[in-house]
Amino acid sequence: MDSLLFAHQLRNRFGEVVSQPNQFRDEVTLIVSDPERIADVCAAAKKEFGFDYLKDISSVDNYGSDPRWTVVYHIYGYGHRCHLRLKTDVSEAKSELPTVAGVWRGADWHEREVYDMMGIRFRGHPDLRRILMWEGYPYFPLRKDFPLAGKSTDVPEVAFSNPAPLEGGPFVTTPGVGHAAAREPRAKVFEEKKA
């Protein structure tokens, strides 16, 4: 079987809650329109269709749009060797999804990272706490409205106490006109000196 066939079967199982499969460069994506059903869809993908491995959970900040976030689940079946991507949108007002840690135990850390970096909560998670930033840190660093330089902190000896300077940093491009590729930071190319 291939991923597209599994995607159609999952769509047939859930009807309008799951979109028609979208295939691009041999990758198949399904969109779960009701974020409250994502755990049900994931459970069926595992139990009924053999997707026994959760490869990753990631999130996308659609800053300026509603719903603000897209949460992406990359799943795989060892028995049939097929990959599938599931996506669901989460509004900023709600910022919460049901956990899939009961479906795949490995979701525990993935969901903690999404919570820590984006602020999306996972209802029913067994231990939803920060995994990279310290407890009590009031911001979510991967949100698009988080400043690239960082924020000042009053906590001594933790990261910086002042925002990081941006001059010459690896993620800063030179402003100006011209093509974006020309503004990207690149390794400096030195010309050989002629003797």
Subject >> Among residues of the range 93-135, those that are within 13 Å of the chain's Cα centre (by Cα), under 20 Å from Asp40 (Cα atoms) and either among the aromatic types (Phe, Trp, Tyr) or in a loop (DSSP other than H, G, I, E, B) (or both), counted >> reply: 2
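Any residue that is exposed (fewer than 14 other Cβ atoms within 10 Å of the Cβ) and over 19 Å from Ile120 (Cα atoms) - is there at least one of those in the range 55-72? Let's see the steps before the verdict.
First, the residues of the range 55-72 that are exposed (fewer than 14 other Cβ atoms within 10 Å of the Cβ): 63-66.
Cutting the leftovers down to over 19 Å from Ile120 (Cα atoms) gives us none.
There is no residue in the range 55-72 that is exposed (fewer than 14 other Cβ atoms within 10 Å of the Cβ) and over 19 Å from Ile120 (Cα atoms).
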Subject >> Selection from the range 18-57 of residues that are touching a residue at least 12 places away in the same chain (Cβ under 8 Å), farther than 21 Å from Tyr78 by Cβ, within 19 Å of the chain's Cα centre (by Cα) and not in a helix (DSSP H, G or I) >> reply: Ile31, Val32, Ser33, Asp34
Original post:
Residue check, Leu5 against (1) in contact with a Phe, Trp or Tyr (Cβ under 9 Å, 6 or more places away or on another chain); (2) in a helix (DSSP H, G or I), all met but one. Which one?
Top reply: (1)
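Kindly indicate which of Pro175, Pro170, Pro138, Pro163 is in a loop (DSSP other than H, G, I, E, B), surrounded by 10 or more Cβ atoms within 10 Å (Cβ to Cβ) and modelled with pLDDT under 95. Show your work before the answer.
Values: Pro175 fails: surrounded by 10 or more Cβ atoms within 10 Å (Cβ to Cβ); Pro170 fails: surrounded by 10 or more Cβ atoms within 10 Å (Cβ to Cβ); Pro138 fails: surrounded by 10 or more Cβ atoms within 10 Å (Cβ to Cβ).
From the options Pro175, Pro170, Pro138, Pro163, the qualifying one is Pro163.
Given the criterion over 30 Å from Gly136 (Cβ atoms) and either surrounded by 17 or more Cβ atoms within 10 Å (Cβ to Cβ) or at pLDDT 95 or above (or both), identify the matching residue among Leu4, Leu30, Leu97. Steps first, please.
Working: Leu4 fails: either surrounded by 17 or more Cβ atoms within 10 Å (Cβ to Cβ) or at pLDDT 95 or above (or both); Leu97 fails: over 30 Å from Gly136 (Cβ atoms).
Criteria check complete, one pass: Leu30.
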Subject >> Test set (1) exposed (fewer than 15 other Cβ atoms within 10 Å of the Cβ); (2) free of Cβ contacts under 8 Å to residues at least 60 places away in the same chain; (3) not in a helix (DSSP H, G or I) - Gly15 fails condition number >> reply: (3)
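The values are calculated or read from the model by the stated rules, or taken from the named source; none is laboratory data. On a predicted model such as this, the values are computed, not experimentally measured, just so you know. Every residue, glycine among them, receives a Cβ derived from its backbone with ideal geometry; neighbour counts consider all protein chains shown.
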